[in-house]
Every structure is written in structure tokens, then in C-alpha cells.
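*Asks:* I'd like to ask you about the structure that follows.
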Amino acid sequence: AQKITQTQPGMFVQEKEAVTLDCTYDTSDQSYGLFWYKQPSSGEMIFLIYQGSYDEQNATEGRYSLNFQKARKSANLVISASQLGDSAMYFCAMRGGIQGAQKLVFGQGTRLTINP
Amino acid sequence: GAVVSQHPSRVICKSGTSVKIECRSLDFQATTMFWYRQFPKQSLMLMATSNEGSKATYEQGVEKDKFLINHASLTLSTLTVTSAHPEDSSFYICSASDGYGYTFGSGTRLTVV
């Protein structure tokens, strides 16, 4: 069985600072995919970044980067130069296998608040 | 980019009635649709997975007779909450996949009074 753990229920960061949201995972699969989503108060799920288990480079998408440490089974999200609009819930999720429409398993989420 | 349209965004219904929620993939073929439920301040809980033309696979503890899922075409899946009760009040969100990525609908906030 797959499991995602996000140990930070809430994070408070000053605007323009960088923030790291923690995510650890557990799986017996050799190949898997890791996702990060942002959920603002409106409820929509916004895809941020993806990391495949065989990707050697850490994924980056604009201000978002994923610090992938396979041996530690961690996939932390780093947001650089935080903005007020980054305030939202953030979910880490895992898919067994690197492709195919398999279900996503979500972590508990971290509520990020950016202070002006 | 891929878009999934979910309707309605909000619905209030009386206890004992049924509510249908629709999810449409607008610009891609959704071979698989996932339906999630989310309670306030909690994570997404997978309810069921449906493949086009097949019966849905429900997660343990989810009543298939209460939460009817239909995935009759590659662009449309529906979730019907039958005989709704106040405890069914929640945020329901769908996710469509073409086998590569996942695109989420905007969610439906159901309130049963």
C-alpha cells in the first residue's frame, strides 16, 4: 500500500521568503510518480509539479521546485519568493507507476499562509 | 491545457432527494474518472474509480448503491447521491485522466438540509 505523510498542518511565512513544504512517502513500487497540488479556498485543485521516480533531476516549474530524495523517500516542495497569492492548502500525492490512469493517494495537506 | 467542467458548483437539496453531479472533459478523452470527497480541513478521499463503459470500482466503505457513478462516454461521468442525508453534505470533486496526467474539476459543494 502507498502512503503519503505531510507533517506540517500549517505554515506561516513572510512574503518574499522561500518556504519548504515537507512530504514523505512509502511504497513498495519500483516506479511511481509524485505530484504537488495547490487548493485555494475556492476548492479547485491546481497542479504544480511532478516528479517521476526515475527522474534524475529535481523537477522545477517556475517558482516551484521539488526536492526529491529517493533514499529518504521524501519529495519536499520548495516555493521561492513567496507571494500573498500562494496562501492555500497544498497537497502531496503519489501514483503507483509512472504512467497510466492509476489512482492518486493524497497526504493530509499543509495550509500555507503568506504574511505581508 | 486540459479542462474538466464540473456542475453544479453548489447545490442545496432536501433530505431524501437525489442529486446528480456531472464532470465533462472538454478537450481530451477521459478514459478514467476518479471521484473524491473532501470534508472541511481534510484531505481528498477517493470514493471510486470509473473507466469508460465499465462499472465503477468503489473504495472500501463507500456504498455503491448510495453513490451511483456512470461513465457512459469518454467525456462525461456522473455521480448521483441517492436519498441524500445531512451526513452526505460535503465537497465532491472529480478528476479525469487520459492515462498520463490528471485534471480536476472545480468541485461541487453539496448541502443536504
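*Asks:* What average number of partner chain Cβ atoms lie no more than 10 Å from the Cβ of the residues making up A:82-92? Can you show the working numbers first?
*Replies:* Working: counts 0, 0, 0, 0, 0, 0, 0, 4, 0, 2, 1.
If you average over the peptide's residues, the count of other-chain Cβ atoms is 1.
*Asks:* Using Cα-Cα distances under 8 Å and only pairs 6 or more residues apart, what relative contact order does chain B have, in percent?
*Replies:* Numbers: 294 pairs, mean separation 42.7, N = 113.
Reported as a whole number, the value is 38 percent.
*Asks:* Quick check: Cα centre of segment B:38-78 to Cα centre of segment A:51-116, how many Å?
*Replies:* 25
*Asks:* Taking accessible area as the heavy-atom solvent-accessible surface of the protein chains with a 1.4 Å probe, which residues of segment B:41-75 lose no less than 40 Å² upon going from the isolated chain to the full protein assembly?
*Replies:* Output list: B:S43, B:L44.
*Asks:* Extension gain A:T113-A:Q30, at 0.36 nm per residue separation less the Cα-Cα distance, in nm?
*Replies:* On the way: separation 83, 0.36 × 83 = 29.88 nm, distance 3.50 nm.
Gain on extension, A:T113 to A:Q30, equals 26.4 nm.
*Asks:* Through the Karplus equation 6.51 cos²θ - 1.76 cosθ + 1.60, θ set to phi - 60°, convert the phi angles of segment B:53-66 into ³J(HN,Hα) values in whole Hz; use x for Gly and Pro.
*Replies:* So the J values, rounded to whole Hz, are x, 10, 6, 6, 9, 9, 6, 4, x, 9, 6, 5, 7, 8.
*Asks:* For chain A, what class follows from the C-alpha gyration tensor (a ≥ b ≥ c being the square roots of its eigenvalues): rounded when a/c is under 1.5, otherwise prolate if a/b is larger than b/c, else oblate?
*Replies:* Verdict is prolate for chain A.
*Asks:* Once phi is turned into θ = phi - 60°, what whole-Hz ³J(HN,Hα) does the Karplus curve with 6.51, -1.76 and 1.60 give for every residue of segment B:31-39, x standing for Gly and Pro?
*Replies:* Along segment B:31-39, the couplings run 5, 9, 10, 10, 10, 10, 10, 9, 7 Hz.
*Asks:* PRE reach from B:K41 (point 7 Å along Cα→Cβ): which of segment A:1-28 fall under 16 Å by backbone N?
*Replies:* Zone members listed by number: A:8-12.
*Asks:* For segment B:90-106, in order, what is each residue's ³J(HN,Hα) by Karplus, 6.51 cos²θ - 1.76 cosθ + 1.60 with θ = phi - 60°, in whole Hz (x at glycine and Pro)?
*Replies:* After applying 6.51 cos²θ - 1.76 cosθ + 1.60, I find 5, 9, 10, 9, 9, 9, 10, 10, 9, x, 10, x, 10, 10, 9, x, 8 Hz.
*Asks:* Give the cross-link partners of B:K20 among the lysines, using a straight C-alpha distance below 20 Å as the criterion and excluding same-chain residues fewer than 8 apart.
*Replies:* By straight Cα distance, B:K20 reaches B:K55, B:K64, B:K66.
*Asks:* Shielding of B:103-110 by partners, i.e. mean partner chain Cβ atoms within 10 Å per residue?
*Replies:* Numbers: counts 2, 8, 3, 4, 5, 1, 1, 0.
Per residue, the average neighbour count from other chains is 3.
*Asks:* Counting other Cβ atoms within 10 Å of each Cβ, which trypsin sites (Lys or Arg not before Pro) in segment A:1-106 have at most 16 and sit in a DSSP loop? Before the final figure, lay out the partial values.
*Replies:* Numbers: sites: A:K3, A:K16, A:K38, A:R63, A:K70, A:R72, A:K73, A:R95, A:K103; in loops: A:K16, A:R63, A:K70, A:R72, A:K73, A:K103.
Filter output for segment A:1-106: A:K16, A:R63, A:K70, A:R72, A:K73.
*Asks:* What aspartates and glutamates could a cross-link reach from B:K41, if we take a straight Cα to Cα line under 17 Å and drop same-chain neighbours fewer than 8 places away?
*Replies:* A:E44, B:E87, B:D88
*Asks:* If the cut-off is a Cα-Cα distance under 22 Å, which lysines reach A:K70, setting aside same-chain residues fewer than 8 apart in sequence?
*Replies:* Partners within reach: A:K3, A:K103.
*Asks:* Same structure, new question: Could the peptides B:54-63, B:37-46 be put in order, highest first, of the mean number of other beta-carbon atoms found within 10 Å of their residues? Show your work: numbers first, answer last.
*Replies:* Values: B:54-63: 12.7, B:37-46: 15.9.
Ranked by mean Cβ neighbours within 10 Å, highest first: B:37-46, B:54-63.
*Asks:* What length, rounded to one decimal in nm, is gained on full extension from A:N58 through to A:S41, with 0.36 nm per residue of separation minus their alpha-carbon distance?
*Replies:* Working: separation 17, 0.36 × 17 = 6.12 nm, distance 2.87 nm.
Taking 0.36 nm per residue and subtracting the Cα distance, the gain is 3.3 nm.
*Asks:* OK, next. Tell me the label-point distance for the pair A:V78, B:E87, using the 7 Å Cα-to-Cβ offset, in nm and rounded to one decimal.
*Replies:* Result: 4.6 nm between the two label points.
*Asks:* Let me ask something additional. Could you work out what % of the accessible surface of segment A:1-89 is carbon and sulfur, using a 1.4 angstrom probe and leaving DNA, RNA and ligands out of the count?
*Replies:* Numbers: 2210 of 4670 Å².
Ligands and nucleic acids excluded, carbon and sulfur reach 47 percent.
*Asks:* For labels at B:S18 and B:L68 in the simple 7 Å Cα→Cβ model, what's the distance in nm?
*Replies:* Using points 7 Å along Cα→Cβ, the separation is 0.3 nm.
*Asks:* Using 1/(1 + (r/R0)^6) with R0 = 25 angstrom and r between the beta carbons of B:Y100 and B:S5, what's the FRET efficiency to the nearest 0.05? Provide the component values of the computation, followed by the final result.
*Replies:* Values: r = 20 Å, r/R0 = 0.78.
So, using R0 = 25 Å, E works out to roughly 0.80.
*Asks:* Please compute the net charge surrounding A:P40, taking Lys and Arg as +1 and Asp and Glu as -1 over other residues with Cβ under 13 Å from its Cβ. Don't jump to the answer; show the numbers that get you there.
*Replies:* Numbers: positive: A:K38, A:R111; negative: A:E44, A:D86.
Combined, the nearby Lys, Arg, Asp and Glu give 0.
The values are calculated or read from the model by the stated rules, or taken from the named source; none is laboratory data. On a predicted model such as this, the values are computed, not experimentally measured, just so you know. For neighbour counting, all protein chains shown are included, and Cβ atoms are generated from backbone atoms with ideal geometry for every residue, glycine included. When the accessible area is computed, the model is the full protein with side chains, heavy atoms only, and any ligands, DNA or RNA have been set aside. Shrake-Rupley method; radii C 1.70, N 1.55, O 1.52, S 1.80 Å.
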